[in-house]
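The values are calculated or read from the model by the stated rules, or taken from the named source; none is laboratory data. The model shown is predicted, which means the values in this text are computed figures rather than measured ones. Here the Cβ positions follow ideal geometry from the backbone for every residue, glycine too, while neighbour counts run over all protein chains shown.
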Amino acid sequence: MTDETLKTTPLNAAHRALGARMVGFSGYDMPVQYEGVLAEHRWTREHAGLFDVSHMGQCKITGADAIAQFERFVPGDYSILKAGKQKYSLLLNAEGGIMDDLMAGKPDHDGLYVVVNAGNKDADFAFLEANLRGDAKLTVLADRALIAIQGPEAAEVMAQHEPVLGEFGFMDCARLVLFGVDCYVSRSGYTGEDGYEISVPADQAERIWNTLLEDARVKPIGLGARDSLRLEAGLPLHGHDIDATTSPVEGALTFALSKSRKERADFNGADRILKELADGPSRVRVGLSVKEGAPAREGAEIADMDGNVIGAVTSGGPSPTLGRNIAMGYVPPKFAELGAELKVIVRGKPAAAEVVATPFVAQRYYRKPKAV
Amino acid sequence: MHFTKDHEWVRLEGDVATVGISKHAADALGDVVFVETPDAGKTVSKGDSFAVVESVKAASDVYAPVAGEVVEGNAALASAPETVNADPEGEGWFAKIRVSDASQVEALMDRAAYDQYLTTL
């Protein structure tokens, strides 16, 4: 039964044919699991998982002013980004809060190709439409699906279809003909594994999805495992781990602040962000290893060893790879040192937790050896 | 064996009821990763949340299908929560409760009525 109020992706029928369990997510009827979250999680860590992420927003920003205009709202330096590269960034409001996190790249010589979160895309596109000046032009790519293939065997699978993809490094991107059609491809993802995100014409999505699934190394993976994979990889989920009140400094995303942009201080919210960089934020996102008891999930309080509540968990759960419970949450910086002993409170019971480095599970992105 | 609309099952032997969650519930939850069962001696009323079962994605309460005193919680589930998926209506039991009123069990759905109920969901 489909909830009539939910939108569907071009792969909806394919998910149903695979026997997926469907749920509403960000307004879309999406597969939460096929065979089971744990099995799908492990398959992605060991082989190659195929994800429908067509609910995410895709757009182009073009025109001579495209980059300068885009940079008003993001803290990354896109003017020096080379063609064929993409970069993670943050869409900032005037207070330096994170309206969304995104990937923006230069797959072709026509401005930026940008992917934003499903739950924010309408707001993001409206904001950009209203705020881009000069000849910068936003084009929403509503007629495209987005398929991710992730895992240690993803590169071999894709190289079989297009050898050049095997030579991509992490965060390389291109617009190329793949499966006989016009695609945007990047070597990136949201699982901590090597892999690709492939933007395909909506009317070709099912054919390409099924073609990839013919490979015995590839299995479909639902949103349940996507969430546990990204948690292990220490990647924040917007709306949970970061939101419009969180700054990049609080969110432990200072790597997204380009040096040149900090020097120029010419992006939304730069005042607050530079002040937090200088003086320290009042709270910061940390990784937690929960050493006993139940999984600590979003909303669980974090307390110091005296029992004072100092923060809250923003996402958490069992780590299938590590076989223990992990979480992310916010605490004041004085409690954020690696090894700090804290408590998480689950259903009234305090459980021992320790601040640990993220990613919880080592990322395995493919970085090309530097030319000698 | 009897069932509730919340998908707990009850098997009465003498005045002790073994309770757990149905296969339907276990399948719907998916991979069970954590189970919290009650300690012996705890008194529960019918409908009380007396245990917690967690899948990768979420925590769910388990409600006492009958009133009584907990005789034993299934401690084995702490280290092997996956038993709830493997054998939900057997080894994956949650607790044994000494019932205060055995007629509470008889008032629940039998297997045929529960199977019929599942078709209405």
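Before moving on, here are some points about what is shown:
- Answer from A:E276, A:E292, A:E232, A:E301 - the residue that is acidic (D, E) and farther than 30 Å from B:G30 by Cα: A:E276
- Considered as a group, the residues in region A:316-341 that are among the hydrophobic types (A, V, I, L, M, F, W, C) and within 14 Å of another protein chain (Cβ to nearest Cβ) include one that is surrounded by the fewest Cβ atoms within 10 Å (Cβ to Cβ), and that residue is A:L322.
- Of the candidates B:A75, B:A59, B:A25, B:A86, the single residue that is among the small types (G, A, S) and over 28 Å from A:M22 (Cβ atoms) is B:A75.
- The numbered conditions (1) more than 30 Å from A:E167 (Cα to Cα); (2) at pLDDT 95 or above are all true for A:R347 except (2).
- Residue that is farthest from the other protein chains (Cβ to nearest Cβ), among those in region A:219-261 that are acidic (D, E) and over 20 Å from A:A94 (Cβ atoms): A:D241
- Tally of residues being of a type in the set (S, T, Y) and either part of a strand (DSSP E or B) or surrounded by 24 or more Cβ atoms within 10 Å (Cβ to Cβ) (or both) across region A:21-53: 2
- Of all residues making up region A:288-300, the number that are over 11 Å from A:V313 (Cβ atoms) and buried (at least 20 other Cβ atoms within 10 Å of the Cβ): 1
- Checking A:R207 against (1) crowded, with 19+ Cβ neighbours inside 10 Å; (2) in contact with a Phe, Trp or Tyr (Cβ under 9 Å, 6 or more places away or on another chain), the condition it does not meet: (1)
- For B:A78, the conditions (1) under 22 Å from B:D115 (Cα atoms); (2) surrounded by fewer than 23 Cβ atoms within 10 Å (Cβ to Cβ) are fulfilled apart from (1).
- Number of the condition not met by A:G192 [criteria: (1) under 22 Å from A:K368 (Cβ atoms); (2) without any contact (Cβ under 8 Å) to a residue 60 or more places away in the chain]: (2)
- Check on B:E89, more than 14 Å from chain A (Cβ to nearest Cβ) and farther than 24 Å from A:Q33 by Cβ: no
- Among the residues listed as A:V177, A:V185, A:V200, the single one being in a strand (DSSP E or B), surrounded by fewer than 19 Cβ atoms within 10 Å (Cβ to Cβ) and either of a type outside the set (K, R) or without any contact (Cβ under 8 Å) to a residue 40 or more places away in the chain (or both): A:V177
- Single residue of A:L18, A:L6, A:L81 found to be away from chain B (no Cβ under 14 Å), surrounded by fewer than 23 Cβ atoms within 10 Å (Cβ to Cβ), of a type outside the set (K, R) and under 30 Å from A:L257 (Cα atoms): A:L81
- Scanning region B:11-64 for residues that are facing chain A (nearest Cβ under 9 Å) and acidic (D, E) gives B:D31, B:E36, B:E54.
- Exclusive hit being in a strand (DSSP E or B), more than 14 Å from chain B (Cβ to nearest Cβ) and buried (at least 18 other Cβ atoms within 10 Å of the Cβ), set A:V361, A:V344, A:V355, A:V313: A:V355
- Hits in region B:83-104 - residues which are at pLDDT 95 or above, of a type in the set (D, E, K, R) and in a loop (DSSP other than H, G, I, E, B): B:D87, B:E89, B:E91
- Odd one out for A:L338 among (1) under 26 Å from B:E82 (Cβ atoms); (2) not in a strand (DSSP E or B): (1)
- Looking at region A:57-171, none of the strands (runs of 3 or more DSSP E) lying wholly inside it contains 2 or more residues that are free of Cβ contacts under 8 Å to residues at least 24 places away in the same chain.
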